[in-house]
1. Not counting the cut sites, what is the longest span of the chain without trypsin sites (Lys or Arg not before Pro) that DSSP labels loop and that have at most 12 other Cβ atoms within 10 Å?
2. How many lysine pairs in the chain, separated by 8 or more positions in sequence or lying on different chains, have Cα atoms less than 28 Å apart?
3. Viscosity 1.002 mPa s, temperature 20 °C: Stokes-Einstein D of the chain from its Kirkwood Cα radius, in µm² per second?
4. From the phi angles alone, apply the Karplus equation (6.51, -1.76, 1.60; θ = phi - 60°) to region 36-47 and give each ³J(HN,Hα) in whole Hz, x where the residue is Gly or Pro.
5. Please list the non-local residues whose amide H lies under 5 Å from the amide H of Ile82, H modeled 1.01 Å from N, same-chain partners needing a gap of 5 or more.
6. Amide H neighbours of Ala64 under 5 Å, at least 5 residues apart or on other chains, H built in the peptide plane: list them.
7. Excluding Pro54 itself, what net charge comes from residues whose Cβ is under 14 Å from its Cβ, given Lys and Arg +1 and Asp and Glu -1?
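Read-outs throughout are calculated quantities, based only on the coordinates presented, and are distinct from any laboratory measurement. Computed from a predicted structure; not experimentally measured. Note: ideal-geometry Cβ built from the backbone for every residue, glycine included; neighbour counts use all protein chains shown.
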Amino acid sequence: MNRTLNEAAQVLGIRENALRAWLREKGHLNKDGTLAAKHIGGGNLFMEPRVTQPKHLGHRKHYAVLKVTEQGIDWLAKQMRIEIKEIPQKDTAA
């Protein structure tokens, strides 16, 4: 089960901004918020491509969302020295 960064932060018991700041500080994210090259295909974090077509633009807009795998939740907790007592189901974490 893959989670958004916000959902992962809730599981870890911290705020999304704090998680993003920590990921940038440790070099896991680039300044623009994209995944650092060393983590592509690593199994913990990944970028999920998405497309939207806002009516006011009249054309498609491509973007990517940073996601965390279940393995990534454990990896982040270990790296950040956070003890996870219970991992809520994805639907209740958001």
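1. 32-54
2. Counting lysine pairs in the chain gives 19.
3. Answer, rounded: 152 µm²/s.
4. Going residue by residue, I get 5, 4, 5, 9, 5, x, x, x, 9, 10, 7, 9 Hz, with x marking Gly and Pro.
5. none
6. When sequence neighbours closer than 5 places are left aside, the close amide H contacts are Arg50.
7. Counting the neighbours of Pro54, the net charge comes to +4.
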